[in-house]
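For reference, the structure is listed below as structure tokens.
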Amino acid sequence: MLLGLALAVAATSASAQRSLTAPLREGEVVIDGELDAAWDAASWQGDFVERRPSTGAVPAVPTRFKVLYDEGALYVFVEAFLEEDEVPRAAEMTRDSFRLFDDDAITIKLDVRHDRRTTLGFGVNPVGQQIDYIAIDNGNVFRRELDSVWEAATKIRRDAWTAEFRIPVPALGLRRARGPRTIGLNITRDHNRRRGTYDWAALPIEFGAFSALHYGELHGLEGMAGGRPLTLVPYVTAGWRENDESRPPRGSPYSVLAGGEARLRLGEDSWGEITVLTDFAQVDLDDPAVNLDRFPLFFAERRPFFLSGLSVFQFGAQQQAQPFFTRRIGLDDNRQEIAMLGGAKVYGHARLGGNTALSFGVLDVITGGGLYGDAPLTNDAVLRLRLNVGRASYVGVLGTLRNSDGGPNSSSAGADFSIRAVQERLQIDGFVAGTFTGVDGPDDASLGMASQLGLQWRGRVWRPSVSVLWVDEDFDPSVGFVRRRGVIRTVGTLRVQHRTRRYGLETVDLFARGFQEVEDDTGDNIGRSGGGEIALSWVAGMSLYARADYVEDVVRDSFQLAGRDVQAGRYQGARLLLGLQRSSARNPSFELEYDGQSGYFGGFRQTLRASAAVVMTRHLRLAASTSASYIDIPDHDPFEAVTASASLIVAPTITLQLDGAWQINTIAQNTVTLVRLRWRYVPGSDLFLVYREQRPYGDARDDPDQPLDRTVLLKLSYRYDTLL
């Protein structure tokens with residue numbers, strides 16, 4: 001029935017679409033930011049459209065580009081003209097940093113499957129620093145950890161800066177094709193001086209920056225992806241850890257591990273990956289956080305093996321009820337690494353004719369087993385099927401299975417759908433899922449259910465949405481994430497956006513929000529809030545927002561908040577949020593936010609958040625942030641909860657970087673220091689030297705569960721790409 005509905009209402013109409021045909025490369029192309037004779041075969045394309053600050057306007061300066069291809073790669077040359085006496089900003093020297101978009105930047109956006117859902121992005125700033133990413137379901141999910149191997153070179157002239165790209169077939173992940181191929185294409189320019197964004201194919205601002213629905217088309221690609229792309233990434237680590245009794249050899253502070261990953265295209269558009277003795281060395285830090293509620297905190301996935309193929313495996317209500325969440329594999333509840341012995345993954349897409357295609361994914365991972373640590377041997381398996389219909393609709397199923405020597409076996413299964421209609425402005429989403437956990441047998445097993453239905457309208461001015469989520473008490477996905485059980489949660493929002501240039505403004509946004517949570521079995525209210533917000537954004541880079549809400553929270557069971565008992569009860573009050581920020585596209589940048597709530601578990605909470613960053617030169621960046629809360633709840637003395645972090649980045653070149661980070665958490669009573677040297681000695685291959693220290697302070701120094709923890713790690717990886 002859902003498939004029939006999707007076929008009936010999925011939009012097929014499209015606005016006038018830009019297109020071009022790429023000529024086959026003849027002659028050598030040297031990637032140096034300058035035009036070679038081979039580029040004479042390609043014609044200039046231009047007439048970019050401003051997306052912001054003045055949507056639909058003609059940009060103040062032109063941008064143009066050319067495209068070539070051969071059997072092994074796609075070539076793009078972009079020329080971005082400058083205003084008089086303008087010097088393009090190029091402050092970011094760190095690969096895969098979002099801050100690159102605060103500079104002047106050129107991004108190539110490709111819908112390589114031409115499914116109008118998925119974007120591969122390749123961006124560069126004027127000094128040649130790179131970012132690549134994947135945006136799934138037109139930007140609903142965005143991951144920058146793609147880390148493909150591709151080339152880009154730039155040149156800065158008096159009147160323009162240029163960017164030349166060579167994106168090889170393995171980075172594109174192109175399926176085999178007979179005859180000429182068509183893919184989706186857009187070119188986006190970020191213009192720092194004007195805080196402007198310009199697109200070759202106009203993107204309606206309400207659809208966001210990654211709406212493949214609105215990309216242009218690149219025709220004529222014939223003979224590409226003739227072989228089977230193979231990627232091999234072996235690695236070796238050598239480390240020292242103080243007082244480590246777990247890693248082999250037992251009792252020795254030293255460890256040496258080796259392993260690797262491999263990726264191969266198996267069929268026309270299907271891929272296989274394997275990993276052996278996977279290393280998730282802690283070369284990054286999660287942001288410091290204090291849990292000031294009784295619900296678990298959500299931390300996004302960062303590990304590369306779990307990020308490829310995401311367009312297949314996404315399922316559920318993000319950060320609320322997800323039957324599958326990869327951070328539950330290979331990490332314990334304290335986010336400490338569990339040894340990953342190996343894993344395999346197969347995923348891809350099969351066209352069934354017309355605008356219909358089948359997406360599929362299978363994942364199997366083995367962790368624990370005493371390689372180091374005491375984690376039990378555990379096998380996690382996931383199966384995902386999704387039938388894509390029309391331009392942006394789908395129906396799908398998901399199943400997971402966990403077998404563990406240290407606990408009961410468990411499984412989950414579910415189905416989901418997404419329908420786009422009325423020129424893709426109306427979106428209807430939903431899912432239903434169940435979990436089964438066996439204890440000693442069928443008589444002791446528990447069955448849990450969850451489901452959601454949501455509607456959203458993407459209008460130019462009016463953008464309402466509503467969703468209803470049900471999670472019962474027994475819904476317990478062993479490889480998933482659940483914020484709250486035994487609840488029916490209804491959320492409604494209305495956003496009204498007015499775009500203007502009066503008083504230097506860019507946008508005025510008005511929000512009305514509300515949610516209601518009731519017990520799933522009795523219907524009793526257990527939480528609600530409602531309120532409004534106004535947000536002003538100026539073209540110059542400043543923004544100001546104010547939000548006020550009425551909040552009612554019912555605590556069903558007593559719990560501990562930062563080591564203090566909070567009793568069950570009904571708590572009511574008001575919440576006020578005020579914020580001022582200067583865009584990170586300006587130097588220095590900062591953000592200040594006040595968050596105050598009365599009736600906070602019978603008392604009150606006041607939180608001040610602040611962050612600032614300054615670029616001293618493109619080779620040196622300083623940043624700091626803090627969140628300080630003053631909390632007064634009944635039967636306890638007032639207390640403070642503070643987290644703070646500071647970072648220093650020194651980047652002599654775009655391939656060599658030294659950075660340091662320091663964090664403090666007054667509730668956990670520890671500090672964390674990380675010093676990291678990263679050298680990308682060849683494309684896709686890195687050498688890391690990392691020093692990490694977690695040090696307790698105060699009363700925690702006498703806690704045997706929080707010893708001083710020092711680690712020194714050397715990691716060397718090498719990436720090899722070829723066509724078989």
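The values are calculated or read from the model by the stated rules, or taken from the named source; none is laboratory data. Bear in mind that the values here come from a model prediction, so they are computed numbers and not experimental data. Don't worry about glycine lacking a Cβ; one is built from the backbone with ideal geometry, like all the others, and counts go over all protein chains shown. Protein only, heavy atoms only, side chains kept; ligands, DNA and RNA dropped before computing areas. Shrake-Rupley method; radii C 1.70, N 1.55, O 1.52, S 1.80 Å.
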Mind checking the per residue accessible area of the chain for me, 1.4 Å probe, whole number of Å²? 43 Å²
From Cα pairs below 8 angstrom and at least 6 apart in sequence, can you work out the relative contact order of segment 411-473, rounded to a whole percent? 27 percent
Under the definition of Cα pairs under 8 Å and six or more residues apart, what whole-number percent is the relative contact order of segment 485-570? 22 percent
Could you state how much accessible area L674 has, in square angstrom rounded to the nearest 10, with a 1.4 Å probe and all protein chains kept in place? 10 Å²
For segment 157-164, just list the computed ³J(HN,Hα) in residue order, Karplus coefficients 6.51, -1.76 and 1.60, θ = phi - 60°, integers in Hz, with x standing in for Gly and Pro. 10, 5, 9, 6, 10, 10, 9, 10
Would you give the gap between the C-alpha center of segment 78-99 and the C-alpha center of segment 502-534, rounded to a whole Å? 38 Å
So, in nm, how far is label A548 from label L714 when the simple model puts each one 7 Å beyond its Cα toward the Cβ? 6.2 nm
At a Cα cut-off below 29 Å, give the lysines reachable from K155, other chains included and same-chain residues fewer than 8 away excluded. K66, K109
With a sphere of radius 9 Å drawn around the Cβ of A548, what net charge do the other residues whose Cβ falls strictly inside it have (Lys, Arg +1; Asp, Glu -1)? 0
In nm, to one decimal, how far is the E301 label point from the W457 one, both placed 7 Å along Cα→Cβ? 3.5 nm
Residues with amide H under 5 Å of G196's amide H, sequence separation 5 or more or different chain, H placed in the peptide plane at 1.01 Å from N; which? H191
Can you give me the distance in nm between label points at F81 and V539, each placed 7 Å from the Cα along the Cα-to-Cβ direction? 1.9 nm
Where does the Debye-calculated log10 I(q)/I(0) of the chain sit at q = 0.09 Å⁻¹, using only Cα point scatterers of equal weight, no solvent? -0.92
With every protein chain left in place, what is the accessible area of Y133 in Å² (1.4 Å probe, nearest 10)? 0 Å²
Segment 517-525 - phi-based ³J(HN,Hα) in whole Hz, Karplus 6.51/-1.76/1.60, Gly and Pro as x: 10, 10, 5, 6, 9, 9, x, 6, 5
Explain nothing, just compute: Karplus ³J(HN,Hα) = 6.51 cos²θ - 1.76 cosθ + 1.60, θ = phi - 60°, for every residue of segment 107-114 in order, whole Hz, x for Gly and Pro. 10, 8, 10, 10, 9, 5, 7, 6
Given unit charges at Cβ for Lys, Arg (+) and Asp, Glu (-), the dipole magnitude of segment 525-597 about its Cα centre in debye, nearest 20, is 120 debye
Low-density loop GluC sites (Glu not before Pro), segment 38-125, at most 10 other Cβ within 10 Å, DSSP non-H/G/I/E/B, are E84
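Report the gain in length on full extension from E593 to R502: 0.36 nm times residue separation, minus Cα-Cα distance, nm rounded to one decimal.
Extra length available between E593 and R502 comes to 30.2 nm.
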If you average the alpha carbon positions of segment 334-412 and of segment 115-179, how far apart do those two centres end up, in angstrom? 27 Å
Keeping the other protein chains in place, figure out the carbon and sulfur percent of the accessible area of the chain, with a 1.4 Å probe. 55 percent
Solvent accessible area, Å² - F98, 1.4 Å probe, full protein context: 90 Å²
Within a Cβ distance under 15 Å of D416, other residues only, what is the Lys/Arg minus Asp/Glu net charge? +2
Quick one: if the Förster radius is 60 Å, what FRET efficiency do A262 and T673 give, using the C-beta to C-beta distance and rounding to 0.05? 0.95
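Over the chain, calculate the relative contact order: mean separation of alpha carbon pairs under 8 Å at least 6 apart, over the residue count, as a percent.
Relative contact order here is 10 percent.
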Between H636 and F515, what length in nm is gained on full extension when 0.36 nm per residue of separation is reduced by their alpha carbon distance? 40.6 nm
Within segment 641-668: backbone nitrogen closer than 20 Å to the E242 label point (7 Å, Cα to C-beta): 660-666, 668
Identify all aspartates and glutamates with a Cα-Cα distance to K715 below 15 Å; exclude those on the same chain that are fewer than 8 residues away in sequence. E261, D279, D284, D686
